[in-house]
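Provided herewith is a single structure, encoded as structure tokens, for subsequent inquiry.
The values are calculated or read from the model by the stated rules, or taken from the named source; none is laboratory data. Worth saying up front: this structure is predicted, and the values here are computed from it rather than measured. Glycine also receives a Cβ, built like all others from the backbone with ideal geometry; neighbour counts cover every protein chain displayed.
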Amino acid sequence: MSDPEATPPRLKVALEGVPETTLWTLYHRSRDAARPGSLLHDPKAAELVEAIDFPFAQKFGGLATGMEGYLGERALTFDREVLSVLATDPAALVVVLGEGLETQFWRVDNGQVRWFTVDLPETAQVRRNLVGEDPPRRRLFAGSALDSGWFDELGATPADRVVVVAQGLLMYLPPREVEALIARCAERFRRGVFLFDTVPAWFSWLSKRGFIRTPNGYQAPPMPFGLDSGDHARLRRLHPNIASVRTVAPAGGPGAITKFWLPLGRKLPGIRRGMPAIVRIDFGA
């Protein structure tokens, strides 16, 4: 007889290229949440790391690199912006493009928010196996964020407040397709919000030449879409329904990277332009 208390077998996951980055961010986010004094409460991330059969430390490095703090701060900043919308529209539709194994739903769930994940088929299947779906509040669409099919599957009405979240995604897409995606969302979601993070142009340049590597040899995929902070305003011209484009203030964190070095860089004019950033676009001109 099988033991009902036995630990279920871990799910073997094999992803490559851009889809593999979801394992990288999950691992570092769970490590940040486990640090003493961390502002990120993310037990679901730790649960998923334990449920997956993958050599996280061997592949991505077991030593602290500062990336944990940065990804924890990034997650908290996205959470804060989503929660700001839920404060006035508690039943908003949150569409997460390229969500992978992000666990934001469990960090911001207010019991009313409706969650719609869009991800490539291979990554969507991993997510479905690990956390499933819970319609009508939590649904999953297997397909590219650049395809138009998810817009129809979402079923948003003109009365819906829609928040599109693209965390750790747009930098991997061609610039023209990124701009077309933002314009399409501005057209379809008349009173919506689009949240995404950027890498600066110099970082994009290095990634396209294979120079972005971790100390243990993991090479990040090419990131063709780079955006310097001074260029964010040009997004305002992508569609008449874009009311505002702004860089949002980071949530901060307790580590040296997020408490001292990143804030210092954001204050220095010569460095600030070339820093990663999180951008919020509001629709409804």
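Can you say whether GLY210 is of a type in the set (Gly, Ala, Ser) and at pLDDT 95 or above, as far as the supplied structure shows?
Judged against the criteria, GLY210 is not a match.
Can you pull out the strands (runs of 3 or more DSSP E) entirely within the stretch 124-214 that have at least 2 residues that are closer than 30 Å to GLY111 by Cβ and among the β-branched types (Val, Ile, Thr)?
Counting at least 2 such residues, we get 162-166.
Those residues that are within 18 Å of ASP228 (Cβ to Cβ) and modelled with pLDDT of 90 or more, I need them from the stretch 239-260; list them, please.
The answer is VAL245, ARG246.
Only one residue in GLY111, GLY66 is in contact with a helix residue (DSSP H, G or I) (Cβ under 6 Å, 6 or more places away or on another chain) and on the phi > 0 side of the Ramachandran plot, so which one is that?
GLY66
With the checklist (1) under 20 Å from the mean Cα position of the chain (by Cα); (2) in contact (Cβ under 8 Å) with a residue 40 or more places away in the chain; (3) within 18 Å of LEU130 (Cβ to Cβ) in hand, flag the one item GLY17 doesn't pass.
(3)
So if I check each of LEU71, LEU101, which one is under 27 Å from GLU16 (Cβ atoms), modelled with pLDDT of 95 or more and of a type outside the set (Gly, Ala, Ser)?
LEU101
While we're looking at this one, here's another question. Within the stretch 70-90, restricting attention to residues that are among the hydrophobic types (A, V, I, L, M, F, W, C) and free of Cβ contacts under 8 Å to residues at least 40 places away in the same chain, which residue is farthest from TRP115 (Cα to Cα)?
ALA87
Could you check, for the stretch 14-26, whether at least one of its residues is modelled with pLDDT under 90 and either surrounded by 17 or more Cβ atoms within 10 Å (Cβ to Cβ) or not aromatic (Phe, Trp, Tyr) (or both)? Reasoning before the result, please.
Of the stretch 14-26, the ones modelled with pLDDT under 90 are none.
Within the stretch 14-26 (the criterion being modelled with pLDDT under 90 and either surrounded by 17 or more Cβ atoms within 10 Å (Cβ to Cβ) or not aromatic (Phe, Trp, Tyr) (or both)), the answer is no, since none of the residues qualifies.
Under 26 Å from PHE283 (Cβ atoms) and either of a type outside the set (Gly, Ala, Ser) or buried (at least 21 other Cβ atoms within 10 Å of the Cβ) (or both): is that true of LEU86 in this structure?
Yes.
Also: Considering only residues of the stretch 27-37 that are surrounded by fewer than 19 Cβ atoms within 10 Å (Cβ to Cβ), of a type outside the set (D, E, K, R) and touching a Pro at 6+ places or on another chain (Cβ under 9 Å), which is farthest from PHE60 (Cα to Cα)?
Among those that are surrounded by fewer than 19 Cβ atoms within 10 Å (Cβ to Cβ), of a type outside the set (D, E, K, R) and touching a Pro at 6+ places or on another chain (Cβ under 9 Å), it is GLY37.
Of these, VAL118, VAL85, which one is under 19 Å from GLN167 (Cβ atoms) and in contact with a helix residue (DSSP H, G or I) (Cβ under 6 Å, 6 or more places away or on another chain)?
Going through VAL118, VAL85 in turn, the sole match is VAL118.
Sort through LEU76, LEU83, LEU48 and tell me the only one that's part of a helix (DSSP H, G or I), at pLDDT 90 or above and under 21 Å from TYR218 (Cβ atoms).
Details: LEU76 fails: under 21 Å from TYR218 (Cβ atoms); LEU83 fails: under 21 Å from TYR218 (Cβ atoms).
Answer to the check: LEU48.
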